[in-house]
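What follows is a set of notes on a single structure, which appears directly below.
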Ligand SMILES: C[S@@+](CC[C@H](N)C(=O)[O-])C[C@H]1O[C@@H](n2cnc3c(N)ncnc32)[C@H](O)[C@@H]1O
C-alpha cells in the first residue's frame, strides 16, 4: 500500500491516513511517500512497516548509528537535528492543544553536543552478550558505535564479556561524572557477592564498582547495593554545586542540558531573600542547592529515602542549612503544609495529578515553576491550575536533554492573578 506521511506522532512514528483511518509507520517522516505493509489493524488505527521510500523527506539523512534500525533506544538517528527540535516544539504544542485546550508557542533550547551526552546507561546481558534489546527478535545485540552512551562503554563490555561469572550478571549500568570518572553497576538477582576475575582490568578504567541486588526483572535496579571498589564518594556537579551520587540515584542523564533546564526553573522562581519555597519531587536536591542560598526557607519533599539521605549530605557539602528534606509521598506530605509564596515541582512522567494540584491551589503560592518530562501530564496539570481561576500560564520553554530520541523536557511558569 502506498501512503503519504503527513505528521509525526508524539512517539515519533510517521502518521498517514487511509480513508480517514490513522496508520502509524515507524521511521517514516512527514512529506515522504512510502510503500508499507500493515502489521496490526485495530478499529481506529493501524500499525505498518515501511518497505520502500518512494519520495524522501529533505530532513532525512544517513543514519549516524549502524544499529539504529534494530535498536529501541533512539528514534531520530537519521533525522536532521534542526528537524528533531521542530518535532519537540510541535509535540509540546499539540499536547497543550489536546489536553489543555491552549495554543502555545514554546521556545526550545537545543544542545551543542548532540552525541555521547548520556552520563548513565544500562546494558542488558543475555547468552554471554552485553548490549541493547533487538526490537525485531527481542534478543540482545552488542552495539557497534552507540551515539548516545559514554564512549568508555566499549572497553567495559570488552572486559566483562570475558568474565566467567557473567551469567550471574543481568544488567550492566555505567555512570560517568563531570570529572570523567566511571562507575560500573553490576546487577544480579541473587544476594551472593560477585567475585570477578577481571576486577584488576575494570579498576583501570573505573573508580567505583557496585553490585546491585535486584530480584525484580521489570526494574533496572533493586534497593540494595554493595560497594566492590571505590574509596570516597562518586560526585556530580550542577550549577557549581557538588552532589554525592549513589549507584541508583536519579540524576538527569544529560548534565550540560540539565543545567540549562534548572537555570530556567530557578529563574522562573525569581528567588528573593524573604521567600518560603516548597519544592516537590526534589530527588537528591540537585535543583534545591541552586537557589536555597538566595531564599529564607525551603521545604523539599521526595519519597526515595536514599535520595533524601543523599540530599541531606549534599546540603552539608554545599553549605546549605535552610532546607528541611521530608522523605514521603508528595500527595500525603503536602496536606500537612502551608505558608509558601513559591512552589517548584519536578515530578516523574505521571505528573503531579489532581490531588497534588488541588493542594498547590490551597497553598496558593504567587509563583509556580513546573519542570516536566511529559508534556501531556504537564498540560493536564496546568489545565487544572488555570481552571481554578487563580493561575495564568506565562510561558513554556523546552530544553533538549535527549537528542536522537522523542523525549522532551519542558519548564512552565505560572503566576497567581
Ligand atoms: C524527575 S525526578 C526529579 C528529581 C530532581 N528534581 C532532579 O532533578 O534530580 C522525580 C523525583 O520524584 C520522586 N518521586 C516520584 N514520585 C514521588 C512521590 N509520589 N512522592 C515523592 N517523590 C516522588 C522520584 O523518586 C524522583 O526523585
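Checking the structure you have, find out if any residue of region 36-48 is at positive phi and crowded, with 17+ Cβ neighbours inside 10 Å. Quick ask: steps written out before the conclusion?
Taking region 36-48 and keeping what is at positive phi, we get none.
Checking region 36-48: not a single residue is at positive phi and crowded, with 17+ Cβ neighbours inside 10 Å.
When region 8-21 is filtered for residues that are assigned to a strand (DSSP E or B) and crowded, with 17+ Cβ neighbours inside 10 Å, the ones remaining, listed by number, are 8, 14, 15, 16.
Elements of the type strands (runs of 3 or more DSSP E) sitting completely within region 274-367 and holding at least 3 residues that are near the ligand (Cβ under 10 Å from one of its atoms): these cover 297-302.
Condition check ((1) under 21 Å from the mean Cα position of the chain (by Cα); (2) within 28 Å of residue 392 (Cβ to Cβ)) across all residues:
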| site | (1), (2) |
| --- | --- |
| 91 | yes, yes |
| 113 | yes, no |
| 124 | yes, no |
| 127 | no, no |
| 132 | yes, no |
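Each residue in region 327-354 was checked for being under 29 Å from residue 222 (Cα atoms) and crowded, with 21+ Cβ neighbours inside 10 Å, and 7 of them qualify. Scanning region 116-136 for residues that are out of contact with any strand residue (DSSP E or B) (no Cβ under 6 Å at 6 or more places or on another chain) and crowded, with 21+ Cβ neighbours inside 10 Å yields 117, 118.
Residue by residue through region 137-195, note down the ones that are in contact (Cβ under 8 Å) with a residue 60 or more places away in the chain and in contact with a strand residue (DSSP E or B) (Cβ under 6 Å, 6 or more places away or on another chain).
141, 143, 173, 175, 177, 178, 183, 185, listed by residue number.
For region 125-134, the count of residues that are part of a loop (DSSP other than H, G, I, E, B), over 19 Å from residue 206 (Cα atoms) and in the same structural domain as residue 215 (by TED's automatic domain parsing) is nonzero. Restricting the search to strands (runs of 3 or more DSSP E) fully inside region 163-252 and requiring at least 1 residues that are more than 21 Å from the chain's Cα centre (by Cα), at pLDDT below 90 and surrounded by fewer than 17 Cβ atoms within 10 Å (Cβ to Cβ) gives 224-229.
The values are calculated or read from the model by the stated rules, or taken from the named source; none is laboratory data. Note that the coordinates shown come from a computational prediction; the quantities given were computed from them, not determined experimentally. Don't worry about glycine lacking a Cβ; one is built from the backbone with ideal geometry, like all the others, and counts go over all protein chains shown.
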